[in-house]
Protein chains: 2
Amino acid sequence: MTQASIITIGDELLIGQVIDTNSAWMAQQLNIAGIKVLRRVAVGDAWDEIWKALDEESKHADIILITGGLGPTADDITKPLLNQYFNGKLVIDEVALQNVKTIFEKVLNRPMIESNLKQAEVPDTCTVIQNKRGTAPGMWFEKDGKVFVSMPGVPYEMKGMMEEVISKLSTHFIFPHITHRTLLTTGIGESFLSEYIKQFESNLPKHIKLAYLPNYGMVRLRLTSVGFDHIAIEKEIQQYFDTLQQEVNNWLVTNMDEPMEQVTGKLLASKNKKMCTAESCTGGYIAHLITSIPGSSAFYDGSVVSYSYKAKEDLLHVSKETLEIKGAVSEEVVTQMAKGALATIQSDYVIAVSGILGPGGGLPDKPVGTVWIAVGNKNKIETHKLYFRFDRERNTQLTATNALNLLRKFILADTDTVA
Amino acid sequence: MTQASIITIGDELLIGQVIDTNSAWMAQQLNIAGIKVLRRVAVGDAWDEIWKALDEESKHADIILITGGLGPTADDITKPLLNQYFNGKLVIDEVALQNVKTIFEKVLNRPMIESNLKQAEVPDTCTVIQNKRGTAPGMWFEKDGKVFVSMPGVPYEMKGMMEEVISKLSTHFIFPHITHRTLLTTGIGESFLSEYIKQFESNLPKHIKLAYLPNYGMVRLRLTSVGFDHIAIEKEIQQYFDTLQQEVNNWLVTNMDEPMEQVTGKLLASKNKKMCTAESCTGGYIAHLITSIPGSSAFYDGSVVSYSYKAKEDLLHVSKETLEIKGAVSEEVVTQMAKGALATIQSDYVIAVSGILGPGGGLPDKPVGTVWIAVGNKNKIETHKLYFRFDRERNTQLTATNALNLLRKFILADTDTVA
């Protein structure tokens with residue numbers, strides 16, 4: 001089976017200054033095209049390390065995708081290195097040059113300097129992959145039956161090239177069909193789930209792999225199958241996936257690989273209903289998750305992020321007295337926040353949250369991690385007290401996911417009652 | 001110099017289902033301790049690949065940190081593999097066993113099954129690093145002068161172990177001092193900046209490295225130095241950093257490695273002022289960025305995320321007529337949003353944004369990427385029309401960062417006038 005390695009280049013990856021999102025995205029695209037990613041390697045802007053990585057990864061893999069180090073400054077050494085690695089000499093690519101000129105004239109609207117023109121230079125041993133979103137061209141090399149493709153490290157520019165890269169790869173190699181099925185469960189731990197579906201797992205044929213992806217209170221299960229008979233592979237995995245869904249039905253949230261905000265959003269949209277949010281401790285994160293979904297305006301009106309007492313009073317009509325007596329993190333306040341948001345925005349459903357996510361702010365009776373969540377509609381507000389024991393970032397994520405799940409369950413119960 | 005490699009294990013990393021945030025965080029911690037990370041490698045849950053990665057990385061590096069594959073289910077093979085790799089046999093670790101029992105009884109509050117108890121098994125050839133945040137113990141192995149440390153892939157659990165790991169490493173090796181200085185510029189492109197500080201760059205001694213980290217309209221510059229004389233290294237890099245700051249002073253935003261929301265937040269806090277936001281297209285993302293900073297309640301009141309027309313009218317008193325005539329993405333509406341937020345929340349400063357971030361929603365006179373930003377206070381509202389040409393996610397980030405920068409400049413100008 002044809003296999004790929006991804007090499008990402010940049011010191012910033014090795015000192016942890018940036019998180020590498022490129023290789024996850026590239027891996028997804030390769031996977032969809034039937035190309036298995038064997039390894040991902042990150043190396044610094046260091047000649048010997050990049051050279052060694054090219055040697056090593058081409059021993060492992062047939063396809064080596066490289067990002068980073070193509071900028072116009074002195075620390076960018078990928079291009080001269082590739083030029084030497086593939087025994088070329090640097091020449092101006094006319095199409096790339098025209099592209100650089102156009103970008104400076106029309107998009108950036110400023111004059112060019114020498115180093116910008118140099119962006120259009122490429123080794124004469126490569127085929128150029130044009131960069132429509134930036135100045136650094138991509139480069140395609142072949143050596144001993146292996147393909148090496150170098151792309152810029154800027155995610156938006158790299159993403160703009162991948163379609164052409166994958167289409168070129170597909171004419172060079174024959175790829176099998178890789179297919180996945182993913183479902184999401186809540187309310188059962190990884191080890192219990194594994195015990196519960198032991199029989200199912202042991203009955204799986206060898207070419208279908210089951211993976212557990214636990215994420216604090218939620219477990220994703222993923223089936224993966226690979227083969228050359230597209231139709232047979234799809235049919236077979238679907239049968240196993242149907243069985244798996246039945247087995248875990250008690251805890252099943254969705255049978256797609258989608259985040260909780262999408263599950264709740266789709267449920268709302270299917271009922272032609274809209275929701276709003278009132279957020280204290282999560283500070284707009286729930287709103288951000290929901291509005292990250294294109295088209296979310298179909299089911300989402302907006303949010304009041306009431307970080308201060310004042311904002312809770314002014315925007316959500318929370319009573320000053322309740323705030324003073326019960327404190328912002330209380331059942332009473334979160335209920336008033338939910339009612340206040342519904343009264344002002346008049347959506348069908350509401351989520352309100354107030355909690356202490358850390359690192360500071362804990363109280364003897366309300367330790368860090370205490371969160372009150374209210375979900376409901378104009379007829380009924382339901383409250384839940386939850387406790388998370390993680391850091392600020394993780395507590396924020398958990399609060400958001402749990403709140404969206406609680407609203408999902410409320411809507412399902414609500415609709416059942418109506419029906 | 002002692003060098004480290006990080007191996008992350010899991011099929012989910014190779015199909016792009018999750019983004020690897022662990023290795024960036026680990027790299028940061030190692031760096032602070034003076035340990036240079038040479039490479040980062042991700043491999044799947046496959047016996048041969050993990051084995052090969054251990055062989056290869058221990059050729060490159062002295063320290064090999066491994067995360068992932070320690071769970072209780074069948075796809076987790078790291079522990080049996082390490083047991084074989086280091087010629088051990090699995091034995092129960094009593095402290096780890098007690099920890100597993102405690103977590104199930106006190107934290108999870110549910111009974112254990114066989115596979116949970118197995119979590120307390122470790123190879124007898126390792127030293128156990130106890131996991132206070134989960135059930136899978138860490139394992140420390142030594143072989144031919146190299147150190148291998150295996151930790152769980154769950155970020156919160158891994159993070160809880162790193163302090164002990166680094167402290168143990170520091171007794172095994174002597175590390176040099178690694179130091180960085182980072183500053184942020186806006187308003188000048190990477191190539192122009194590079195041309196501008198050419199002289200400075202060519203005068204740098206060989207052991208000080210300058211890196212450019214461009215990020216659409218902002219460029220971070222980072223100086224890195226390594227050496228054994230802590231004091232001399234710090235003194236020298238600071239001198240170069242002072243010079244660099246003077247050279248780029250026209251475009252300098254901050255001389256620390258901090259995000260824009262922190263820069264603006266610190267400025268507000270230093271003046272004892274607070275801000276609020278009114279967000280349409282960014283859907284709570286600006287609020288989320290700000291509230292991700294612990295202690296942000298000192299300078300932040302809250303946000304109105306007015307995703308629908310209705311929410312703009314009800315919460316921000318935007319006129320229905322203006323919305324109908326000018327549309328939500330207009331100078332008039334964003335100005336009214338800013339004034340509405342200030343009137344209701346009564347903060348000192350405000351940011352309001354309304355735009356079309358894509359992928360859909362573009363109009364002939366307002367293409368995707370058009371964003372109106374208003375910043376100001378009760379005396380003056382300033383508006384800016386910006387245009388971003390990226391995808392939804394990137395456009396959202398750019399809108400947020402630019403809005404925060406525009407408010408920063410407004411505050412500086414505002415204070416100058418007052419003074």
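The values are calculated or read from the model by the stated rules, or taken from the named source; none is laboratory data. Since the structure is predicted, the reported quantities are computational estimates derived from the model, not experimental observations. We place every Cβ from the backbone using ideal geometry, glycine too, and count neighbours over all the protein chains shown.
Every residue in region A:60-75 that is at the interface with chain B (Cβ under 10 Å from one of its Cβ atoms) and either surrounded by fewer than 22 Cβ atoms within 10 Å (Cβ to Cβ) or assigned to a helix (DSSP H, G or I) (or both), please.
If the condition is that a residue be at the interface with chain B (Cβ under 10 Å from one of its Cβ atoms) and either surrounded by fewer than 22 Cβ atoms within 10 Å (Cβ to Cβ) or assigned to a helix (DSSP H, G or I) (or both), then A:His60, A:Thr73, A:Ala74, A:Asp75 are the ones that fit.
Could you give every pair whose Cβ atoms fall below 8 Å, whose first residue belongs to region A:304-322 and is without any contact (Cβ under 8 Å) to a residue 40 or more places away in the chain, and whose second residue is surrounded by fewer than 19 Cβ atoms within 10 Å (Cβ to Cβ) and among the aliphatic types (A, V, I, L, M), counting only separations of at least 6 or pairs across chains?
So the pair list comes out as A:Tyr309/A:Leu323; A:Lys312/A:Leu323; A:Glu313/A:Leu323; A:His317/A:Ala343.
Go through (1) buried (at least 18 other Cβ atoms within 10 Å of the Cβ); (2) not assigned by TED's automatic domain parsing to the domain that holds A:Gly302 for A:His230 and report which single condition fails.
Here A:His230 meets the rest and fails (1).
Test B:Ser303 against the criterion of being part of a strand (DSSP E or B), within 30 Å of B:Ile188 (Cα to Cα) and among the hydroxyl-bearing types (Ser, Thr, Tyr), and give yes or no.
So B:Ser303 fails the test.
Pick from A:Cys281, A:Cys276: which is within 12 Å of another protein chain (Cβ to nearest Cβ), hydrophobic (A, V, I, L, M, F, W, C) and outside any strand (DSSP E or B)?
The unique qualifying residue is A:Cys281.
When you scan region B:7-25, how many residues do you find that are out of contact with any strand residue (DSSP E or B) (no Cβ under 6 Å at 6 or more places or on another chain) and part of a loop (DSSP other than H, G, I, E, B)?
7
Considering only region A:136-158, I want to know if a residue exists there that is of a type in the set (D, E, K, R), in contact with a Lys or Arg (Cβ under 9 Å, 6 or more places away or on another chain) and buried (at least 19 other Cβ atoms within 10 Å of the Cβ).
Looking through region A:136-158, at least one residue is of a type in the set (D, E, K, R), in contact with a Lys or Arg (Cβ under 9 Å, 6 or more places away or on another chain) and buried (at least 19 other Cβ atoms within 10 Å of the Cβ).
Residues that are within 10 Å of chain A (Cβ to nearest Cβ), without any contact (Cβ under 8 Å) to a residue 40 or more places away in the chain and over 25 Å from A:Glu393 (Cβ atoms): which helices (runs of 4 or more DSSP H) entirely in region B:147-210 hold 2 or more of them?
Ranges flagged: B:190-196, B:198-203.
Residues being touching a residue at least 40 places away in the same chain (Cβ under 8 Å), among the aliphatic types (A, V, I, L, M) and part of a strand (DSSP E or B): count how many of those fall in region B:371-398.
Counting residues in region B:371-398 that are touching a residue at least 40 places away in the same chain (Cβ under 8 Å), among the aliphatic types (A, V, I, L, M) and part of a strand (DSSP E or B) gives 3.
Scanning region A:250-290 for residues that are among the small types (Gly, Ala, Ser) and touching a residue at least 40 places away in the same chain (Cβ under 8 Å), which turns out surrounded by the fewest Cβ atoms within 10 Å (Cβ to Cβ)?
A:Gly283
In the set A:Val333, A:Val318, A:Val368, which member is in a loop (DSSP other than H, G, I, E, B), touching a Lys or Arg at 6+ places or on another chain (Cβ under 7 Å) and of a type in the set (A, V, I, L, M, F, W, C)?
Only one candidate passes the filter, namely A:Val318.
With respect to A:Thr264, determine if the residue is of a type in the set (S, T, N, Q), assigned by TED's automatic domain parsing to the domain that holds A:Leu407 and under 28 Å from the mean Cα position of the chain (by Cα).
yes
Within region B:84-102, is there a residue that is basic (Lys, Arg) and within 11 Å of another protein chain (Cβ to nearest Cβ)?
Checked against the condition, which is being basic (Lys, Arg) and within 11 Å of another protein chain (Cβ to nearest Cβ), region B:84-102 yields no hits at all.
Can you say whether A:Thr401 is in a strand (DSSP E or B), at pLDDT 90 or above, out of contact with any Leu (no Cβ under 8 Å at 6 or more places or on another chain) and assigned by TED's automatic domain parsing to the domain that holds A:Val304, as far as the supplied structure shows?
Judged against the criteria, A:Thr401 is not a match.
Within region B:291-307, restricting attention to residues that are aliphatic (A, V, I, L, M) and more than 7 Å from every other protein chain (Cβ to nearest Cβ), which residue is surrounded by the fewest Cβ atoms within 10 Å (Cβ to Cβ)?
Selected residue: B:Ala298.
Going by the structure shown, is B:Phe241 buried (at least 18 other Cβ atoms within 10 Å of the Cβ), within 30 Å of B:Ala120 (Cβ to Cβ) and among the hydrophobic types (A, V, I, L, M, F, W, C)?
It is false that B:Phe241 is buried (at least 18 other Cβ atoms within 10 Å of the Cβ), within 30 Å of B:Ala120 (Cβ to Cβ) and among the hydrophobic types (A, V, I, L, M, F, W, C).
What is the residue count in region B:103-130 for residues that are on the phi > 0 side of the Ramachandran plot and either of a type in the set (Phe, Trp, Tyr) or within 11 Å of chain A (Cβ to nearest Cβ) (or both)?
Of the residues in region B:103-130, 0 are on the phi > 0 side of the Ramachandran plot and either of a type in the set (Phe, Trp, Tyr) or within 11 Å of chain A (Cβ to nearest Cβ) (or both).
Identify all residues within region A:369-419 that are within 14 Å of chain B (Cβ to nearest Cβ) and basic (Lys, Arg); write none if there are none.
Passing the criteria: A:Arg389, A:Arg392, A:Arg394.
Let's see how each residue does on (1) surrounded by fewer than 23 Cβ atoms within 10 Å (Cβ to Cβ); (2) of a type in the set (Ser, Thr, Tyr); (3) within 30 Å of A:Val154 (Cα to Cα); (4) more than 32 Å from the chain's Cα centre (by Cα):
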site	(1), (2), (3), (4)
B:Glu313	yes, no, no, yes
B:Met337	no, no, no, no
B:Ala343	yes, no, no, yes
B:Asp365	yes, no, yes, yes
B:Gly376	yes, no, no, no
B:Glu382	yes, no, no, no
B:Asp391	yes, no, yes, no
B:Thr399	no, yes, yes, no
B:Ala403	no, no, yes, no
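Would you pick out the residues in region B:55-84 that are within 19 Å of B:Phe148 (Cα to Cα) and free of Cβ contacts under 8 Å to residues at least 40 places away in the same chain?
Across region B:55-84, the qualifying residues are B:Asp55, B:Glu56, B:Lys59, B:Asp76, B:Ile77, B:Pro80, B:Leu81, B:Gln84.
From A:Cys276, A:Cys281, which residue is assigned by TED's automatic domain parsing to the domain that holds A:Phe410 and closer than 18 Å to B:Cys276 by Cα?
Within the list A:Cys276, A:Cys281, the selection yields A:Cys281.
List pairs: first in region B:348-370 and not assigned by TED's automatic domain parsing to the domain that holds B:Leu407, second among the small types (Gly, Ala, Ser) and part of a strand (DSSP E or B), Cβ under 9 Å, 6+ apart or cross-chain?
Once the first residue is not assigned by TED's automatic domain parsing to the domain that holds B:Leu407 and sits in region B:348-370, no partner that is among the small types (Gly, Ala, Ser) and part of a strand (DSSP E or B) comes close enough.
Could you run through region A:317-364 and say how many residues are away from chain B (no Cβ under 13 Å), among the small types (Gly, Ala, Ser) and out of contact with any strand residue (DSSP E or B) (no Cβ under 7 Å at 6 or more places or on another chain)?
Here the count works out to 2.
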